[in-house]
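The values are calculated or read from the model by the stated rules, or taken from the named source; none is laboratory data. Everything quoted here is computed from the prediction, not taken from an experiment. Positions of Cβ are backbone-derived with ideal geometry, glycine not excepted, and every protein chain shown enters the neighbour counts. In case anyone asks, the SASA skips ligands and DNA or RNA and just uses the protein heavy atoms, side chains included. Shrake-Rupley method; radii C 1.70, N 1.55, O 1.52, S 1.80 Å.
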Amino acid sequence: MGAGDDGVHRGHDLSRDVRYEIVPALRLSAEHLARWHALQREHAAFESPFFRAEYTRAVAATRPDVHVCVIHDDAGIAGFFPYERVVAVARPVGGSMSNFQGVIAAPEVAWALDGIARAAKVETIRFHHQVPGQPQFDACTTKTVSSPRVDMGDGWDAFLAERARAGVANFNSLPRKMRKLERELGPVRFVEHVADDSVLTSLVTWKRAQYERTGAKGSMSHDWAVAAMRLLFAEQGRDFAGTLSALYAGDRLIAAHAGMRSASAWHYWFPAYDPELANYSPGLVLMYEMCKWAASAGLHHIDLGPGEGAHKDLFGTSEVPVGIGQLQLPARTRFLSRLLNRFRHA
């Protein structure tokens with residue numbers, strides 16, 4: 001295992017015919033990116049925008065030590081594992097900002113999690129929203145939680161019919177809330193993406209005030225996270241786009257949402273609304289309009305992320321189990337790794 005002049009670290013897993021290459025996220029080649037995007041499109045398990053290279057690279061532009069373990073086998077580039085290094089720990093890119101993690105590779109690729117850890121020169125790999133179907137992570141999972149989603153694949157009318165069959169309380173009140181908004185504040189208008197930095201400024205102001213009221217610690221309290229969002233909004237392709245959605249009543253911005261989508265999945269990420277209008281439930285009205293737009297755009301679903309919330313109770317139609325846990329290398333291996341790192345540093 002060693003480092004080349006290009007700063008890329010390479011390792012070889014002798015127990016499997018798999019090789020690992022550690023590359024700084026911003027140094028990925030055109031070949032790397034093309035293969036990454038092909039794998040993400042080919043395997044439905046990775047349809048979340050968190051598995052796109054654009055997300056990893058946007059965070060890498062604002063955070064130190066974001067790398068990608070590129071997995072090679074005899075057929076060539078076989079997979080990718082993006083991570084953020086914090087001392088001797090590999091954590092999800094962006095920390096708690098990341099809502100899905102995993103190794104982006106076909107199921108038949110024989111990668112090993114401890115092999116990735118050794119190649120990355122870390123003692124621990126931590127994960128908190130690991131997608132199912134990768135036994136290498138399952139062996140290290142200590143807890144499983146549910147991540148709700150809104151299934152929109154059959155269209156808007158089918159979604160409304162499903163909500164009616166499910167007997168979801170208060171869902172039918174949302175159109176009435178919208179009519180009240182229109183009567184008292186002006187016509188309700190939803191825009192899926194606005195290139196308007198003042199909308200982001202309002203969202204961040206509302207979100208940080210919410211953190212202060214509730215005592216929560218959230219990503220939008222960090223300037224680097226806001227900078228990463230701006231980079232994501234600059235991406236407006238068919239397969240990936242950052243989205244700054246806005247809900248207006250008349251000319252007044254009443255709610256906003258910062259998220260991102262792939263070709264088939266939208267991630268509900270950072271919503272916020274004008275607290276002066278809380279009685280109108282602008283956040284739920286925003287979610288309603290997002291679902292309607294997603295259905296019209298042909299998206300399969302909106303991921304809502306783990307945790308609880310009124311919007312998840314009203315809109316969630318299914319759940320995905322995600323794992324929480326960590327891989328820690330044996331103590332002897334960690335000791336040798338520290339010695340090797342000190343020797344290299346000296």
- Query: On average, how much accessible surface per residue is there in segment 195-252, in Å², for a 1.4 Å probe, leaving out ligands, DNA and RNA?
  - Reply: 50
- Query: Using Cα atoms only, what is the angle between the long axis of helix 223-233 and the major principal axis of the chain, expressed in degrees (0 to 90) to the nearest 10?
  - Reply: 80
- Message: Compute the helix-to-body angle for 331-345: its Cα long axis versus the longest principal axis of the chain, expressed 0 to 90° and rounded to tens.
- Response: 80
- Alpha-carbon centroids, segment 266-283 and segment 108-187: separation in whole Å: 18
- What are the lysines whose alpha-carbon lies under 28 Å from the alpha-carbon of LYS207, with same-chain residues fewer than 8 places away excluded? LYS177, LYS180, LYS217, LYS292, LYS312
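Mind ranking 38-45, 127-134 by how tightly packed they are, going by the mean number of other C-beta atoms within 10 angstrom, highest first?
Descending packing order for the listed peptides: 127-134, 38-45.
So, with a 1.4 angstrom probe, what is the percent of accessible area on the chain that is carbon and sulfur?
50
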- Message: Once R0 is set to 25 Å, what does the formula 1/(1 + (r/R0)^6) return for the Cβ-Cβ distance between TRP224 and ARG27, expressed as a FRET efficiency to the nearest 0.05?
- Response: 0.80
- Task: Putting +1 on Lys and Arg Cβ atoms and -1 on Asp and Glu Cβ atoms, find which of GLN210, ILE116, ILE22 reaches farthest to the positive end of the dipole of the chain.
- Result: GLN210
- Item | Burial ranking of peptide ranges 191-199, 93-101 (average Cβ count within 10 Å, highest at the top) | 93-101, 191-199
- Rounded to the nearest 500, what is the 222 nm mean residue ellipticity of the chain from helices alone, with -39500 (n - 2.57) per DSSP H run of 4+ residues and division by all residues? -10500 deg cm²/dmol
- Listed highest first by mean packing, meaning other Cβ atoms within 10 Å per residue, what order do 104-111, 81-88 come in? 81-88, 104-111
- Message: If you fit an axis through the alpha-carbon atoms of helix 197-214 and take the longest principal axis of the Cα set of the chain, what angle between them do you get, 0 to 90°, nearest 10?
- Response: 90
